[in-house]
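**Q** Please read through the structure below; I'll follow up with questions.
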Amino acid sequence: MVIKAERLTKKYGKKLAVNNISFQVETGKVTGFLGPNGAGKSTTLRMMLGLANGQGTVLYNGKRLSEYKQPSEMVGILLEAKAFHPTRSARNHLKILATEGNVPLSRVDEVLDIVGLKSEAKKGPGKFSLGMSQRLGLAAALLAKPKYLLLDEPANGLDPEGIVWLREFLKSYADDDHGVFVSSHLLSEMSRLADNLVVIGKGKLLADTSMREFIAGNVGTSVYVRVSDIDKLEKLLEKQKINYKKVNSGLELFGVKTDKVGKLAYENKLTVLELTTRTASLEEAFLEVTAGSEEYTPKEVSK
């Protein structure tokens, strides 16, 4: 089962905010939604929920969201961290949403417990920290036990412990035959969380693939080596036309595996001091793919 977005297009005046993009969100997986500031992520999420007009279609398990009697059972959303009345208690806020969505009121305390806010249930969220507000927003999204979650920057304001909790919760939720579509600027965290990635830049789709394929296909891996005679190794690499660059006291090699490097060193009586495979990070792959698609480019600081 999937959410299938096809040919989504949105203009604000003459600006094309979302440019004919198509992708899907599968159940059983967490799909990360990435892009530079101004890429069109929030607009895309709003279009998926029918909150922004535009062209294209979005089908949830083959049907438009408006065709479901209780859309909240199909998708839970977190777009704004502070989308609540500031003086109404956290519990009462959720009770109103539960009543509107025909959700048993017993579910309110369940979701408060899930997100760690049970002890704060009687408090008005107007003075909640951003992290606590995010937890309340997630509780609201979970009320109807939806098949899918669409979350816009849910880790904003969470402390390190909260970020780890959110990661494990979302992975567990997806594993239980649900789909999770989540945007974030925390690339190191996304690399631990997401199975698949959708990447956009200036409204255009740049990638729709698995995490592993995204990294390997754009940056790939390299080999780092330190040997007893680095000048001799450089000459051997040039002779075999192996690309490399100097890194600290060693060399980083491209398009080659560690076994070949080790064999080359052994055959030429070089003592290997260090030999490791270096896997590229999501950040490196993301910066490579989105290069030139940033909406706002800071001015370089003169030295």
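No lab work stands behind these numbers, since they all come straight from the coordinates. All values derive from a computational prediction rather than experimental measurement. Positions of Cβ are backbone-derived with ideal geometry, glycine not excepted, and every protein chain shown enters the neighbour counts.
**Q** So how strong a dipole does segment 166-286 carry about its Cα centre when Lys and Arg Cβ are +1 and Asp and Glu Cβ are -1, to the nearest 20 debye?
**A** Details: 18 positive and 18 negative charges, 143 e Å.
Dipole size: approximately 680 debye.
**Q** Moving to a separate point now. Multiplying the sequence separation of Trp165 and Asn243 by 0.36 nm and subtracting their Cα-Cα distance, what value in nm do you get? Each step should come with its number before you reach the end.
**A** Details: separation 78, 0.36 × 78 = 28.08 nm, distance 4.20 nm.
So the extension gain works out to 23.9 nm.
**Q** Enumerate the calculated ³J(HN,Hα) couplings along segment 130-137 in order (Karplus 6.51 cos²θ - 1.76 cosθ + 1.60, θ = phi - 60°), each rounded to whole Hz, writing x wherever the residue is Gly or Pro.
**A** Once rounded to whole Hz, the list reads 4, x, 5, 5, 4, 5, 5, x.
**Q** Cross-link candidates for Lys245: which lysines have Cα within less than 22 Å, leaving aside residues fewer than 8 places away along the same chain?
**A** Of all the lysines, those that pass the test against Lys245 - Cα under 22 Å, at least 8 places apart if same chain - are Lys232, Lys235, Lys257, Lys260, Lys263, Lys269.
**Q** Determine the dipole magnitude for the chain: charges of +1 sit on the beta-carbon of Lys and Arg, -1 on that of Asp and Glu, nothing else is charged, the reference point is the Cα centre, and the result goes in debye to the nearest 20. Mind dumping the intermediate values first?
**A** Details: 44 positive and 36 negative charges, 147 e Å.
Around 700 debye, computed over the chain.
**Q** Given a Förster distance of 22 angstrom, what is the FRET efficiency for Asp195 paired with Leu59, based on the Cβ-Cβ distance and rounded to 0.05?
**A** On the way: r = 21 Å, r/R0 = 0.95.
Computed FRET efficiency for Asp195 and Leu59 comes out at 0.60.
**Q** Now for a different question. I need the phi-derived Karplus couplings for segment 187-192: 6.51 cos²θ - 1.76 cosθ + 1.60, θ = phi - 60°, integer Hz, Gly and Pro marked x.
**A** 3J(HN,Hα) across segment 187-192, in whole Hz: 5, 5, 6, 4, 5, 8.
**Q** For Ala83 and Thr271, compute 0.36 nm times the residue count separating them, minus their Cα-Cα distance, and round to one decimal in nm.
**A** 61.4 nm
**Q** Same structure, new question: Among DSSP beta bridges whose residues both lie in the chain, state the antiparallel percentage, nearest 5.
**A** On the way: 35 of 53 bridges.
Close to 65 percent.
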